[in-house]
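Chemist: Please read through the structure below; I'll follow up with questions.
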């Protein structure tokens, strides 16, 4: 093995000491969350140019040396598609890694496929075809086989050359500044702190509810979240979205009425009828001004839709000229937002504004026009 298996505090302390002066390290995690609310962190893989370690979080409990690595301001932590890894590390160690570098984000602004997978990026950069045999491995099972561990370590073993390659590309193309703001935002704790008052927005069918019905749904979602956390169970095991929706829609006033709702089985009614009915009562006592409301959809006029079509075509040309994926530059939602409320559009910010947003606003304001040729379309100064 070309890595150290770390299953004790002393091994962790020694390993962290050996990498603390490195300029950057690659980090990945393996976890299982099918039967729990909180993901079970099963492995942490970490690599520098000189050392690689496979940390077993199930083997011991003192992770202070690792937490110091996570917050070391001189050590760049490299991830691929970092959101889940960052969330899990925050949940387990109350520490967000900083500073971070996300290879998926970097690849997006360098012309690779939008949201490219790690395996595809490794293949394109290093020409190595990664093994897929252990994709569905049970990472909490012990002992893990040598093949499983080696598969896990590939997630950082090849992340190192990928990082070096992308970093060089960013510098050569002068695009490093494009992702600075987004990389800094990834280390914000607010991204990983749950706002329970907004849970209803992820409820299936919520768009069909309004008024007090939506208030009931919101309170039920908050109660479910709290109960799922307490029992450490998946939310769907506590109460399904469909049942929350039906309870909010029908507003049962008794256990008998609750039991008549589809999916409200006898066990659920026996355990939670009083709580659910209390929630319904409470929701109706809250002032209507405080009830949750759907965001007002700004329907574009036919003229605005036509402008949007033109802007979409311009963005496609601009993306091709700069060798990046169109989805990385702009979505139709971004363009529609630019038309009706430009401050909220990604095209009004950072590198997207410099590359495309400013040109699109010139077109919207009538300062430029579009001409077509066999080679596509381009902007010209309006007469």
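Since every read-out is calculated from the coordinates, none of them should be taken as a lab result. The shown structure was predicted, so the numbers you read here are calculated from the model rather than taken from an experiment. Backbone-built Cβ (ideal geometry, glycine too); neighbour counts: all protein chains shown.
Chemist: Comparing 244, 371, 116, which has the greatest mean-square fluctuation in the GNM of the chain with Cα pairs linked when under 10 Å apart?
Modeler: 371
Chemist: To continue, here is another question. What Rg and what Dmax come out for the range 116-196 when only alpha-carbon atoms are used, in angstroms?
Modeler: 16.8, 47
Chemist: Helix-derived [θ] at 222 nm for the chain: sum -39500 (n - 2.57) over DSSP H runs of at least 4, divide by residue count, nearest 500? Walk me through the numbers on the way to the answer.
Modeler: Values: 17 runs with 176 residues, N = 383.
Per the formula, -13500 deg cm²/dmol.
Chemist: Determine the shape class of the chain: with a ≥ b ≥ c the square roots of the Cα gyration tensor eigenvalues, call it rounded for a/c under 1.5, and otherwise prolate if a/b is greater than b/c, oblate otherwise.
Modeler: oblate
Chemist: Test of understanding: what is the full-extension gain from residue 285 to residue 242, defined as 0.36 nm times their sequence separation minus their Cα-Cα distance?
Modeler: Values: separation 43, 0.36 × 43 = 15.48 nm, distance 2.42 nm.
Stretched fully, the residue 285-residue 242 segment lengthens by 13.1 nm.
Chemist: Fewest first, what order do 16, 25 take by the number of other Cβ atoms within 10 Å?
Modeler: If I rank by nearby Cβ atoms, fewest first, I get 16, 25.
Chemist: Nearest 0.05, what FRET efficiency do residue 8 and residue 230 give at R0 = 41 Å with Cβ-Cβ as r? Don't skip to the end; give the middle numbers.
Modeler: Values: r = 32 Å, r/R0 = 0.78.
Rounded to the nearest 0.05, the efficiency is 0.80.
Chemist: I would also like to ask the following. Take the Cα coordinates of the range 273-383, assign each an equal point scatterer, and use the Debye formula without solvent to give log10 I(q)/I(0) at q = 0.12, 0.14 Å⁻¹.
Modeler: Calculated log10 I(q)/I(0) at the listed q: -0.52, -0.62.
Chemist: While we're looking at this one, here's another question. How do 134, 158 rank when sorted from fewest to most other Cβ atoms within 10 Å of their own Cβ?
Modeler: Numbers: 134 18, 158 22.
Arranged by neighbour count, lowest to highest, 134, 158 become 134, 158.
Chemist: Report Rg/Rh for the range 4-192, rounded to two decimals, where Rg is the Cα radius of gyration and Rh the Kirkwood radius.
Modeler: 0.94
Chemist: Under the definition of Cα pairs under 8 Å and six or more residues apart, what whole-number percent is the relative contact order of the chain? Kindly include the intermediate steps, with their values, before the conclusion.
Modeler: Working: 494 pairs, mean separation 49.6, N = 383.
Over the chain, the number comes to 13 percent.
Chemist: Between residue 250 and residue 305, take the C-beta separation as r, use R0 = 30 Å, and let me know the FRET efficiency to the nearest 0.05.
Modeler: 0.20
Chemist: Please work out whether the range 311-354 counts as rounded, prolate or oblate from its C-alpha gyration tensor, where a ≥ b ≥ c are the square roots of the eigenvalues and a/c under 1.5 means rounded, while otherwise a/b larger than b/c means prolate and anything else oblate?
Modeler: Details: a/c = 2.30, a/b = 1.58, b/c = 1.45.
The shape class here is prolate.
Chemist: Specify, per residue and in Å³, the volume enclosed by the convex hull of the alpha carbon atoms belonging to the range 197-290.
Modeler: Numbers: hull volume 8.5 nm³, N = 94.
Hull volume over Cα atoms, normalised by residue count, gives 91 Å³.
Chemist: Fewest Cβ neighbours within 10 Å first, please rank 246, 263 accordingly.
Modeler: Ranked by crowding around the Cβ, least crowded first: 263, 246.
Chemist: Which of the three applies to the range 178-239, rounded, prolate or oblate, going by the alpha-carbon gyration tensor with a ≥ b ≥ c and a/c under 1.5 meaning rounded? The partial results should precede the final answer.
Modeler: Details: a/c = 2.95, a/b = 1.62, b/c = 1.82.
Note, shape of the range 178-239 comes out oblate.
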